[in-house]
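*Asks:* If you scroll down you'll find the structure; I have some questions about it.
Every number in this text was worked out from the coordinates using simple rules, so none of it is lab data. What you see is a predicted model; the values in this text were computed from it and never measured. In this analysis, Cβ positions are derived from the backbone assuming ideal geometry, glycine residues included, and neighbour counts consider all displayed protein chains.
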Amino acid sequence: MKTTFDPNKATMVCMPVSIKDATIVAGSIKEECCKCETKVWLTPESNKMREEKDLQIVCWDCVAKQEMEDPRLNPPSEGQLREILRTLADQN
Ligand SMILES: [Zn+2]
C-alpha cells in the first residue's frame, strides 16, 4: 500500500537502510519513507509503536529537509543524527 505524507499526522523518524556501519536492531524490518520512498529500518519496538499510535514513517533525510522548510518543527538536526550514528557505531 502506498502511503502519502500527511503533515497533520504524527511521524516516526527511521534510519535509512543506506546508512553504513550502523547497528541494526535484531528483528528490524524494512519499511518505506512516506515522503521519498527510501527504504528505512523499522525496529520491532518502532513497529509496535507505529501500529498502536498510527504513526507515519519518515527517513532522516526528509526530517532534515522538513526542518529547513518549517522552523517551528524541532526534529533532530543532522549533527544530532550523526552523533546518534557515531554512538551506535561505537557499540559494535
Ligand atoms: Zn524520506
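*Asks:* When DSSP assigns beta bridges and you keep just the ones with both residues in the range 11-91, what percent turn out antiparallel, to the nearest 5? The partial results should precede the final answer.
*Replies:* Details: 5 of 9 bridges.
That works out to approximately 55 percent antiparallel.
*Asks:* Return the calculated 222 nm mean residue ellipticity for the chain, to the nearest 500 deg cm²/dmol, obtained by summing -39500 (n - 2.57) across DSSP H runs with n ≥ 4 and dividing by the residue count. Walk me through the intermediate numbers first.
*Replies:* On the way: 3 runs with 33 residues, N = 92.
Value at 222 nm, helices only, nearest 500: -11000 deg cm²/dmol.
*Asks:* Using +1 on the beta carbon of Lys and Arg, -1 on that of Asp and Glu, and nothing else charged, what's the dipole of the chain about the Cα centre, debye to 20?
*Replies:* The dipole magnitude comes to about 120 debye.
*Asks:* Using the 4.7 Å Cβ rule, please list in number order the cysteines from the chain without any candidate partner.
*Replies:* C14, C34, C36, C62
*Asks:* Here is a follow-up. Compute the distribution of all C-alpha to C-alpha distances in the range 11-91, in bins of 10 Å from 0, and list the percent of pairs in each, rounded to whole numbers.
*Replies:* The distribution over the range 11-91 is 19, 50, 30, 2, given as percents.
*Asks:* List the residues whose amide H sits under 5 Å from the amide H of C59, counting only those 5 or more places along or on another chain, with H placed 1.01 Å from N in the peptide plane.
*Replies:* Close amide H contacts, sequence-distant or interchain: C14, C34, K35, C36.
*Asks:* Which one, G27, N47, L85, is farthest towards the positive end of the dipole of the chain when Lys and Arg carry +1 and Asp and Glu -1 on their Cβ?
*Replies:* G27
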